[in-house]
1. Kindly provide the set of residues from the stretch 78-93 that are open to solvent by 30 Å² or more (accessible area, probe 1.4 Å) and modelled with pLDDT of 90 or more, ordered by number.
2. (1) farther than 19 Å from residue 54 by Cα; (2) open to solvent by 30 Å² or more (accessible area, probe 1.4 Å); (3) without any contact (Cβ under 8 Å) to a residue 60 or more places away in the chain: which one isn't true of residue 137, the others all being true?
3. Is the stretch 4-23 home to any residue that is outside any loop (DSSP other than H, G, I, E, B) and modelled with pLDDT of 85 or more?
4. Go through 91, 52 for me and flag whichever is among the acidic types (Asp, Glu) and more than 16 Å from the chain's Cα centre (by Cα).
5. Of everything in the stretch 94-120 that's among the small types (Gly, Ala, Ser) and open to solvent by 40 Å² or more (accessible area, probe 1.4 Å), which residue is farthest from residue 63 (Cα to Cα)?
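The values are calculated or read from the model by the stated rules, or taken from the named source; none is laboratory data. Just so we're clear, the structure is a prediction, and the values are computed from it rather than from any experiment. All Cβ positions, glycine included, derive from the backbone under ideal geometry; neighbour counts span all protein chains shown. Side chains are part of the model used for accessible areas, which takes the heavy atoms of the whole protein and leaves out ligands, DNA and RNA. Shrake-Rupley method; radii C 1.70, N 1.55, O 1.52, S 1.80 Å.
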Amino acid sequence: MTRGTAILFSLLLSLATGPAHAQGSVSALKGHNSNAPVDVEADRIEVQDRADRAIFSGNVNVRQGDMAMNAQRLTVAYAGGAGGTQIKRLDASGGVTVRSPSETARGSVAIYDLDRRLITMLGNVSLVQGGNTVNGGRLVIDLNSGRSTVDGKGVGGGQGGRVTGRFTVRDSGN
């Protein structure tokens, strides 16, 4: 297939829920159907079957139900067996965005570990819900608890940054 040709590739992934709110409430994706088909569209795909991975590159768009992810590159690590192919991990890079109907998370890199049910985003991360925004070096989304943690650690594990946030305040009418 030539570069520039969009490839629609449907996978059945065991993706769980998406990012949770920084304020401690439950993510809009908490009830997300992780058994729904996952559509991946990219300019190019390279399957490295001996290494048990597929690499999508160029304007990568991923959609499962109400969750969407965009990046420049996506590596899908999988294991084959008698029961079929099982997705183990998704690594996205190049301006990664993860969206739900009410939340958007952005970072340079995202690692989704399906076995541990964690999404880790690194590099100038932001988590936005409505008028609320939290920024930092690393965002970890625990899909089991629905909690998100933002800290100042960046790519390579460096400590260098601080967490910042802007939160809307409801008018109490006074």
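1. 91, 93
2. With (1) farther than 19 Å from residue 54 by Cα; (2) open to solvent by 30 Å² or more (accessible area, probe 1.4 Å); (3) without any contact (Cβ under 8 Å) to a residue 60 or more places away in the chain applied to residue 137, the lone miss is (2).
3. no
4. Just one listed residue meets the conditions, 52.
5. Per the criteria, the residue is 108.
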